[in-house]
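Dumping the structure here so I can ask a few things about it.
The values are calculated or read from the model by the stated rules, or taken from the named source; none is laboratory data. Since the structure is predicted, the reported quantities are computational estimates derived from the model, not experimental observations. Please note: Cβ atoms are built from the backbone with ideal geometry, for glycine as well, and neighbour counts cover all protein chains shown.
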Amino acid sequence: MAVPKQKQSHSRTAKRRAQHKMAAPVYNACPTCHEPRRPHRVCASCGSYKGSEVVAPHAHDQRQAAQPGRAPLPQAAYDQAALDHDHDR
């Protein structure tokens with residue numbers, strides 16, 4: 001088994017670890033609505049991918065309101081839910 005002959009210095013270790021950083025997320029313009037979106041993902045504003053509409057925009061909100069037996073929540077409930085989190089203040 002290979003064993004290093006000498007201890008690696010703190011400077012050399014720090015130089016190696018300096019490259020272990022996170023990159024900022026890349027955003028491209030959607031070709032249909034020109035809103036910023038992540039590459040290789042469906043556009044959140046228009047629901048298109050590669051020039052064709054894949055998902056209806058805001059389908060999640062429409063699906064929750066369309067469920068039988070459930071009344072849609074009033075806007076005040078969404079505002080209160082946003083204030084419940086300590087880290088958002």
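Count, please, the residues in region 1-46 that happen to be more than 20 Å from the chain's Cα centre (by Cα) and either assigned to a helix (DSSP H, G or I) or among the hydrophobic types (A, V, I, L, M, F, W, C) (or both).
12
Note down all Cβ pairs under 6 Å where the first residue falls in region 41-63 and is under 13 Å from PRO31 (Cβ atoms), the second is among the polar types (S, T, N, Q) and modelled with pLDDT of 85 or more, and they're at least six residues apart or on different chains.
Close Cβ pairs satisfying both conditions: CYS46/THR32; SER48/THR32.
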